[in-house]
Amino acid sequence: MKKAVVVLSGGLDSTTCMSVAQNEGYTLYPITFRYGQRHQREVEQAKKIADFYSVHEHRIVDLDFFRQLGGSALTDASIEVPDQGEDQGIPVTYVPARNMIFLSLATAYAEVIDAEAIFTGVSSVDYSGYPDCRPEFIQSMNQTINLATKTGVSTHHLKIKTPLMQLTKGETVRLGNTLGAPYQLTTSCYNGDTEACGTCDSCRLRIKGFKDAGAVDPIPYKITIDWNK
């Protein structure tokens with residue numbers, strides 16, 4: 001029985017990764033982080049997604065450090081979430097070193113349960129300018145985790161798998177729909193309401209992805225969207 005840890009945020013990309021890992025025959029061990037984000041909706045949706053896949057175990061890890069640290073619009077109430085994105089540079093929604101920390105903790109979990117792989121939904125195509133979503137970072141982390149773990153130096157190499165790395169959001173949606181990913185349970189909006197705002201950067205990327213895939217997003221939005229345009 002091969003096992004995979006899946007970094008599950010409750011969003012579209014990580015849920016697509018769950019469907020890919022399941023399709024590849026892995027037993028799923030999702031890990032979700034409560035890291036001081038503005039809202040808890042994504043954690044609640046992650047629980048529902050884990051239930052949908054009838055996973056063996058779903059770990060939810062509390063990391064209040066990010067809230068204490070601040071420095072991101074996703075964890076610091078004093079920084080406004082931009083509605084229309086930013087024209088250049090790294091956006092204010094970047095959370096300092098988040099993926100590096102998440103993958104380090106996912107590695108510890110994988111080592112304890114003797115997993116072979118860690119799935120994460122980063123993409124170098126639709127990555128919003130975050131430096132910790134680039135292939136160079138993943139390659140570096142792959143090397144690091146196998147230098148720094150008992151598993152890596154004595155039994156087998158762990159592998160960080162990024163099935164969405166070269167996919168646009170539209171290609172990701174098509175892949176997930178093909179594999180039956182439960183997109184109706186996912187959330188992407190930075191504001192965390194039951195109805196997505198439809199205007200934040202994350203919503204706009206998601207909407208474009210469904211349109212590019214020729215599909216209709218099953219989640220509700222506060223604004224009216226013409227899915228045929």
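Laboratory data are not the source of any read-out in this text; all were calculated from the coordinates shown. These figures come from a predicted structure and were not determined experimentally. Positions of Cβ are generated from backbone atoms using ideal geometry, with glycine treated the same way; all protein chains shown enter the neighbour counts.
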* Asked: For the chain, modelled as a GNM with alpha-carbon contacts under 10 angstrom, which of Thr178, Thr16, Thr27 fluctuates the most?
  -> Thr178
* Taking the C-alpha atoms of the chain, how large are the radius of gyration and the largest Cα-Cα span, Dmax, in Å? -> 16.9, 55
* Structure fact -> Given the candidates Thr199, Pro182, Val216, the one whose Cα lies deepest towards the positive end of the charge dipole of the range 113-229, counting +1 at each Lys or Arg C-beta and -1 at each Asp or Glu C-beta, is Val216
* In a GNM of the chain with a 10 Å cut-off on Cα contacts, which of Ser202, Ser14, Ser140 has the highest mean-square fluctuation? -> Ser140
* Structure fact -> Given Cβ charges of +1 for Lys and Arg and -1 for Asp and Glu, the option among Gln139, Ile118, Ser72 whose Cα lies farthest towards the positive end of the dipole of the chain is Ile118
* To do: Treating only the Cβ atoms of Lys and Arg (+1) and Asp and Glu (-1) as charged, compute the dipole magnitude of the range 3-188 about its Cα centre; round to the nearest 20 debye.
  => 360 debye
* Asked: Between Val112 and Phe52, what FRET efficiency comes out of the Förster formula 1/(1 + (r/R0)^6) with R0 = 30 Å and r the beta carbon distance, rounded to 0.05?
  -> 0.75
* Sum -39500 (n - 2.57) across every DSSP H segment of at least 4 residues in the chain, then divide by the residue count to get the 222 nm mean residue ellipticity, nearest 500. => -11500 deg cm²/dmol
* **Principal axes of the range 1-56: Cα extent on each, largest first, Å** => 37, 16, 16
* Report ³J(HN,Hα) in whole Hz for each residue of the range 194-201, in order, from the Karplus equation J = 6.51 cos²θ - 1.76 cosθ + 1.60 where θ = phi - 60°; Gly and Pro get x. => 4, 9, 5, 5, x, 10, 5, 4
* To do: Check the chain and count each lysine pair with an alpha-carbon distance under 20 angstrom, considering only pairs eight or more places apart or from different chains.
  => 17
* Asked: Mind listing P(r) for the range 86-175? All alpha-carbon pairs, 10 Å bins, whole percents.
  -> 16, 44, 30, 9, 1
* To do: Please identify, among Leu164, Leu12, Leu179, the residue showing maximal mean-square fluctuation in a Gaussian network model of the chain using a 10 angstrom Cα cutoff.
  => Leu179
* Structure fact -> Spelling it out for Lys161: with amide H atoms placed in the peptide plane at 1.01 Å from N, the residues 5 or more places away or on another chain with amide H under 5 Å from its amide H are Ile118, Phe119, Thr120
